[in-house]
């Protein structure tokens, strides 16, 4: 940078603070995209591709059937937003989420975004996701009180489970049975969760 450019930069003053978004503003954005907020920054995501949508729907269906049969709570779909933090706001919409009866009882406004985190958040990797993005989401979920996070990777045929205070558990054998203390009695082969059988 030359002297002239440095002087102009100095005279321009500090850069403007970035605009911080809130969940209430998302309703005014165009339809056809998926939105989240990452510490006040708007995240715009394309609609899910075929494989992503198929796996997400399959996992959600399996979890919902299990949870409903045992009256454990509810499982919600990918367009359900959870406010994980305020000021700056972090609002995430996992591909599927289980919310126990105890946590449902704490949700004050069931029309808006939940201020109560889910017990289990499931994310399905897609081509637009980076490992850094997913690591950040996992950290945000766990910091907000999510008890378990599953990251499903259809390309690798793997599931990585994150729980507070534990090392990540990786399953990559299609015959492996996926279990989780958050869902007592749940057991499902990885291949079934990934839609491979």
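Quick check: is even one residue across segment 137-153 closer than 24 Å to residue 53 by Cβ, modelled with pLDDT of 95 or more, surrounded by fewer than 19 Cβ atoms within 10 Å (Cβ to Cβ) and in contact with a helix residue (DSSP H, G or I) (Cβ under 9 Å, 6 or more places away or on another chain)? Scanning segment 137-153, I find no residue that is closer than 24 Å to residue 53 by Cβ, modelled with pLDDT of 95 or more, surrounded by fewer than 19 Cβ atoms within 10 Å (Cβ to Cβ) and in contact with a helix residue (DSSP H, G or I) (Cβ under 9 Å, 6 or more places away or on another chain), so the answer is no.
All of (1) surrounded by 14 or more Cβ atoms within 10 Å (Cβ to Cβ); (2) touching a helix residue (DSSP H, G or I) at 6+ places or on another chain (Cβ under 8 Å); (3) not in a helix (DSSP H, G or I) hold for residue 58 with one exception: (3).
Of the residues that make up segment 73-95, is at least one part of a helix (DSSP H, G or I), over 15 Å from the mean Cα position of the chain (by Cα) and exposed (fewer than 15 other Cβ atoms within 10 Å of the Cβ)? No, segment 73-95 contains no residue that is part of a helix (DSSP H, G or I), over 15 Å from the mean Cα position of the chain (by Cα) and exposed (fewer than 15 other Cβ atoms within 10 Å of the Cβ).
Just one of (1) surrounded by 12 or more Cβ atoms within 10 Å (Cβ to Cβ); (2) farther than 26 Å from residue 46 by Cα fails for residue 184. It is (1).
Can you tell me which residue within segment 44-55, out of those that are touching a strand residue (DSSP E or B) at 6+ places or on another chain (Cβ under 7 Å) and buried (at least 16 other Cβ atoms within 10 Å of the Cβ), is modelled with the highest pLDDT? Only one residue fits best here, namely 55. If you go through segment 86-106 and keep only what is farther than 19 Å from residue 129 by Cβ, out of contact with any helix residue (DSSP H, G or I) (no Cβ under 7 Å at 6 or more places or on another chain) and modelled with pLDDT of 95 or more, you end up with 99, 100, 101, 102, 103, 104, 105, 106.
Annotation: of all residues in segment 99-116 being touching a strand residue (DSSP E or B) at 6+ places or on another chain (Cβ under 6 Å), touching a residue at least 12 places away in the same chain (Cβ under 8 Å) and in a loop (DSSP other than H, G, I, E, B), the one that is surrounded by the fewest Cβ atoms within 10 Å (Cβ to Cβ) is 115.
When the residues of segment 121-133 are filtered to those that are over 24 Å from residue 87 (Cα atoms) and in a strand (DSSP E or B), which remaining residue is farthest from the chain's Cα centre (by Cα)? Looking at residues that are over 24 Å from residue 87 (Cα atoms) and in a strand (DSSP E or B), I get 124.
Okay, residues lined up against (1) out of contact with any helix residue (DSSP H, G or I) (no Cβ under 7 Å at 6 or more places or on another chain); (2) at pLDDT 85 or above; (3) more than 18 Å from residue 128 (Cβ to Cβ):
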| site | (1), (2), (3) |
| --- | --- |
| 15 | yes, no, yes |
| 18 | yes, no, yes |
| 36 | yes, yes, no |
| 62 | no, yes, yes |
| 74 | no, yes, yes |
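In a residue-by-residue description of segment 188-195, the property of being more than 19 Å from the chain's Cα centre (by Cα) and assigned to a loop (DSSP other than H, G, I, E, B) applies to at least one position. Does residue 83 satisfy the criteria of being modelled with pLDDT of 90 or more and under 22 Å from residue 140 (Cα atoms)? The answer is yes for residue 83.
Taking the criterion of being in a loop (DSSP other than H, G, I, E, B), touching a strand residue (DSSP E or B) at 6+ places or on another chain (Cβ under 8 Å) and within 27 Å of residue 71 (Cβ to Cβ), the residues of segment 154-187 that qualify are 163, 180, 181, 182, 183, 186, 187. Of all the criteria given as (1) surrounded by 14 or more Cβ atoms within 10 Å (Cβ to Cβ); (2) touching a helix residue (DSSP H, G or I) at 6+ places or on another chain (Cβ under 9 Å); (3) modelled with pLDDT under 95, the one not satisfied by residue 134 is (2).
The values are calculated or read from the model by the stated rules, or taken from the named source; none is laboratory data. Worth saying up front: this structure is predicted, and the values here are computed from it rather than measured. All Cβ positions, even for glycine, are placed from backbone atoms using ideal geometry, and neighbour counts span all protein chains on display.
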